[in-house]
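Structure first, then comments.
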Amino acid sequence: AQTVTQSQPEMSVQEAETVTLSCTYDTSENNYYLFWYKQPPSRQMILVIRQEAYKQQNATENRFSVNFQKAAKSFSLKISDSQLGDTAMYFCAFMAFRSSNTGKLIFGQGTTLQVKP
Amino acid sequence: DSGVTQTPKHLITATGQRVTLRCSPRSGDLSVYWYQQSLDQGLQFLIQYYNGEERAKGNILERFSAQQFPDLHSELNLSSLELGDSALYFCASSATWGGPDTQYFGPGTRLTVL
């Protein structure tokens, strides 16, 4: 079974600074994607970034980037130039494909990030 | 706005009752997924449909059922409700099934069982 672990329940960062959220996962699947979703106080689940496991290059989306270490099964999210609007809960998620687990998003417990002015 | 719609936004009901949650996927998406977010269980996958057919099941209770209709909208039926069923229920959609598609989430339906 797949598991996703986020070991930091809460984090805070000053506006304009950089913060890194950690995520580790465990799987025996060969084909999978990893995601970071953001859940602001509105409760909407918003995709932040995704990483194809077969790609060595780390994904980036504007101020958001990941550090994907496949051998270590680690997938951290770096937020640069933090903004007040980044305040939210962040979920790391795993999804296998081409398997019996295709399509099932497995989520970590979440990290609550507060950006302070 | 993800393009996925869910109704109602809020639902308050009593134990033992039955409710139906509705989801319309993004235009062109054929897959629909249901997730439950509760304080004690976190975010859990419940069930997935592709083009009207059930494709995968997660930790969905026997009291819960779902279906996807020919127009691709989906309904999640929750019966014999218990206090522990109080949660935020999300629907998500993606273009296909079997591939590495990103799932886009609706705004959720908050269910409160009193």
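Would you mind checking which residues have amide H under 5 Å from A:Gly110's amide H? H placed 1.01 Å from N; only 5 or more apart, or other chain. The answer is A:Gln6, A:Cys92.
Compactness of chain B, taken as the C-alpha radius of gyration over 2.2 N^0.38 Å, stands at 0.99. Between region A:21-86 and region A:97-117, the alpha-carbon centres lie 8 Å apart.
On the basis of the beta-carbon distance and an R0 of 45 Å, A:Thr20 and B:Arg18 show a calculated FRET efficiency of 0.50. For chain A, the share of DSSP beta bridges that are antiparallel, to the nearest 5, is 90%. Go through region A:36-76 and name the trypsin sites (Lys or Arg not before Pro) that are in a DSSP coil and have 12 or fewer other Cβ atoms within 10 Å of their Cβ. In loop regions of region A:36-76 (DSSP not H, G, I, E or B), the sparsely surrounded trypsin sites (Lys or Arg not before Pro) are A:Lys55.
Work out which residues of region A:99-113 lose at minimum 50 square angstrom of accessible surface when the other protein chains are put back, relative to the chain isolated, with a 1.4 angstrom probe, and list them by number. Flagged in region A:99-113: A:Thr102, A:Lys104, A:Leu105, A:Phe107. Using a probe radius of 1.4 angstrom, the carbon and sulfur fraction of the accessible surface of the protein assembly as shown is 46%. In this structure, the pairs whose alpha-carbon distance is over 29 Å, taken from A:Lys78/A:Lys104; A:Lys116/B:Lys57; B:Lys9/B:Lys57; A:Lys38/A:Lys73, are A:Lys116/B:Lys57.
Among the aspartates and glutamates, which fall within straight-line cross-link reach of A:Lys70, defined as a Cα-Cα distance under 19 Å, with same-chain neighbours fewer than 8 residues apart omitted? Straight-distance partners of A:Lys70: A:Asp26, A:Glu29, A:Glu52. Diagonalising the gyration tensor over the Cα atoms of the protein assembly as shown and scaling each eigenvalue by 5 before taking the square root yields semi-axes of 29, 21, 16 Å, largest first. Entry comment: accessible area of chain B is 46 Å² per residue, from protein heavy atoms only and a probe of 1.4 Å. On association of chains B and A, roughly 1700 Å² of accessible area becomes buried (total for both chains; probe 1.4 Å). Of the trypsin sites (Lys or Arg not before Pro) found in region B:1-102, those in coil by DSSP whose Cβ has at most 12 other Cβ atoms within 10 Å are B:Lys9, B:Arg18. Interface residues of region B:64-109, defined as a loss of at least 40 Å² in heavy-atom accessible area between the chain alone and the complex of all protein chains with a 1.4 Å probe, are B:Gly98, B:Pro100, B:Thr102, B:Gln103, B:Phe105.
The values are calculated or read from the model by the stated rules, or taken from the named source; none is laboratory data. Quick caveat: nothing in here was measured; it's all calculated off a predicted structure. Positions of Cβ are backbone-derived with ideal geometry, glycine not excepted, and every protein chain shown enters the neighbour counts. Each accessible area value is taken on the protein alone, full model and side chains, heavy atoms only, with ligands, DNA and RNA left out. Shrake-Rupley method; radii C 1.70, N 1.55, O 1.52, S 1.80 Å.
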